[in-house]
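To start, the structure itself, in structure tokens.
None of the figures in this text is laboratory data; all of them are computed from the coordinates on show. For clarity, every value in this text was computed on a predicted model and none was experimentally measured. Note: ideal-geometry Cβ built from the backbone for every residue, glycine included; neighbour counts use all protein chains shown.
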Amino acid sequence: MEKKDNSPAISKSYARKMETISPFELKNKLIDMADESIKKIAHTMLNAGRGNPNWIATEPREAFFLLGQFGLCECRRVFSLEEGVAGIPQKAGIAARFEAFLKDNEKAAGVNLLKEGYNYMLMEHAADPDTLVHEWAESVIGDQYPVPDRILHFTELIVQDYLAQEMCDRRPPKGTFDLFATEGGTAAMCYLFDSLQENFLLNQGDAIALMIPVFTPYIEIPQLRRYQFDVTEISADQMTADGLHTWQYKDEDIDKLKNPQIKALFITNPSNPPSYALSAETAARIVNIVKNDNPNLMVITDDVYGTFIPHFRSLMAELPHNTLCVYSFSKYFGATGWRNAVIALHEDNIYDKMIARLSDEQKAILNKRYSSLDLHPEKMKFIDRMVADSRQIALNHTAGLSLPQQMQMSLFALFSLLDKEDRYKAKMQEIIRRRLHALWDNTGFTLIEDPLRAGYYSEIDMLVWAKKFYGDDFVAYLQKTYNPLDIVFRLANETSLVLLNGGGFAGPKWSVRVSLANLNEADYVKIGQSIKRVLEEYAEVWKASIQ
């Protein structure tokens, strides 16, 4: 690191102001500083702030583009004009033509996934061939509004199988999960908060619990004037005997959920940024509390990183009637730009039951709200209300995720379902694991092996290591002399490294969050070395001050 005066990277007053904004907005300032550093010194900017992966799943995309060729052939078969106009796919005989297309393109990239996916649907779901292929052709072409609007028929069957495999470790609970395809996990979050309030399941000022550290919108949305929820934070502050984070929760904190005033629990599992899954003991404790103390507790779990944990099992599998699951395809398949996600809600759930128990006045309000959609709006499922709410009710007839997005989602899911040896999953987990070790091996810190660690992000608590290496007096000096944000500003200013502040995720104030997804292995060596050097520089100044 080139800077030698070891003065704070930013003033304390400026740092205090910056602590109030979202880390994702702070990131823009860090990028500006890193950019200035590049201009001064021959650095390359390394942005480990965002979780956008630098890989993609190729075969599902190859299959999508090959299917697109078939879809265009079907359109031109109806009619084709030299001005660039064609018809739309016709259902009669389309399966036979699809099979012929696959045979004619037997060496094309993506053909095996299309062939095996087609056979999977015929064998596992007894799909009518013409109906299936017609849905696929129209989906890849995108010539229709989504019907059903919540999710296409075959997309739902495929993604249900995928969630049973990946979120329920191939042991799903009895019954069916209804799915709502959304424009990424972010849209799912917006729809959830909106519909929970519109249907009087959460009202302004209600008590909710939030398991922290957590993805920042779950912190920020409940504070908005519209919601103003009374938030109980349950912190993953459990430590080992020698003072290292396990990023798990203490039993006495989980027991706060026994309070029936707490109406909803929001959790990211595996967590973001620590990137650890709930322990089996904690999951069992939550299940026990729901069954014995707080039976109407709504559990909203965001499980986007579950595929990076071997044998991951979501709360949707353990508490199907209480849990509403958000799952996004964005990270595992390198598809943040596709905006592919689903909300999953069991067909037998407490949300529908609680709506049925609302007061007569509230029911009247809701019946009026949804009266344009159904002659018996009181019978509408909560998940279908979310679809309508997502389009302000009046635009329900044009609701739903675009057909091409749903088709790509189907192919992502089929790709995973047909990968019987989990080759893709093993490689994804290996890539993350190697990057994680490249980071930690160069910090000089100790990384404890843990089967519950996804490793998609890493949260490094600098005070833990300050204490380990230099003792309590040095920790007190750091806290007195510097602002917690000084570390991320210093890294950006001096080494062109962009990390996020863990405190912005309601984690330890002196922690930094590193994404292991979007840089190469060698880059994490540099990040680890730079983090180590920052701590050493702080220590050098401290030692000089006490001599």
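Quick notes on this structure:
- Mean Cβ count within 10 Å, highest first, over the residues of peptides 442-451, 528-537: 528-537, 442-451
- Legend: residue pairs K468/K543; K174/K381; K174/K258, Cα-Cα distance threshold 24 Å; pairs beyond threshold, K174/K258.
- Cα-based equivalent ellipsoid of the stretch 198-270: semi-axis lengths in Å, sorted from largest, via gyration tensor: 26, 14, 8
- Between the stretch 502-547 and the stretch 407-461, the alpha-carbon center distance in angstrom: 22 Å
- A simple packing score, the average count of other Cβ atoms within 10 Å per residue, orders the peptides 367-373, 275-281 as 275-281, 367-373, with the highest score first.
- With 5 Å bins from 0: P(r) over the stretch 187-316, alpha-carbon pairs, percent: 2, 10, 20, 24, 21, 15, 6, 2, 1, 0
- The antiparallel fraction among DSSP beta bridges confined to the stretch 175-323 stands at about 5%.
- Normalised by 2.2 N^0.38 Å, where N is the number of residues, the alpha-carbon radius of gyration of the chain equals 1.06.
- By the beta-carbon count within 10 Å of each Cβ, the least crowded to most crowded order of D161, D255, fewest first, is D255, D161.
- Bridge orientation summary for the chain: considering DSSP beta bridges with both residues in this region, about 50 percent are antiparallel.
- Of K250/K331; K250/K509; K91/K115, those spanning more than 26 Å from alpha-carbon to alpha-carbon: K250/K331
- Order of F489, F98 - criterion: other Cβ atoms within 10 Å of each residue's Cβ, fewest first: F489, F98
- Dipole magnitude of the stretch 455-547, debye to nearest 20 (Cβ charges: Lys/Arg +1, Asp/Glu -1, about Cα centre): 100 debye
- Peptides 307-317, 141-151, 117-127 ordered by packing proxy, namely the average of other Cβ atoms within 10 Å per residue, highest first: 307-317, 141-151, 117-127.
- In the chain, Cα pairs under 8 Å separated by at least six residues give a relative contact order of 24 percent.
- Dipole magnitude (debye, nearest 20) for the stretch 218-287, charges at Cβ of Lys, Arg, Asp, Glu: 400 debye
- Amide H contacts under 5 Å for M298: A264, L265, restricted to partners 5 or more places along the chain or on a different chain, H placed in the peptide plane at 1.01 Å from N.
- Simple rule: put +1 on each Lys or Arg Cβ and -1 on each Asp or Glu Cβ in the chain, find the dipole, and look at L447, I289, Q197; the Cα lying farthest toward the positive end is L447.
- Hull volume in cubic angstrom per residue (convex hull over the Cα atoms of the stretch 291-412): 126 Å³
- Summing Cβ point charges (Lys, Arg +1; Asp, Glu -1) relative to the Cα centre of the chain gives a dipole of roughly 960 debye.
- Dipole of the chain [Lys/Arg +1, Asp/Glu -1 at C-beta], most positive-end residue of T58, N483, P260: N483
- Exposure proxy ranking for F79, F266, F64, based on other Cβ atoms within 10 angstrom of each Cβ and starting from the fewest, stands as F79, F64, F266.
- Dipole-positive endmost among Y118, N105, V140 within the stretch 101-155 (Cβ charges, Cα centre): N105
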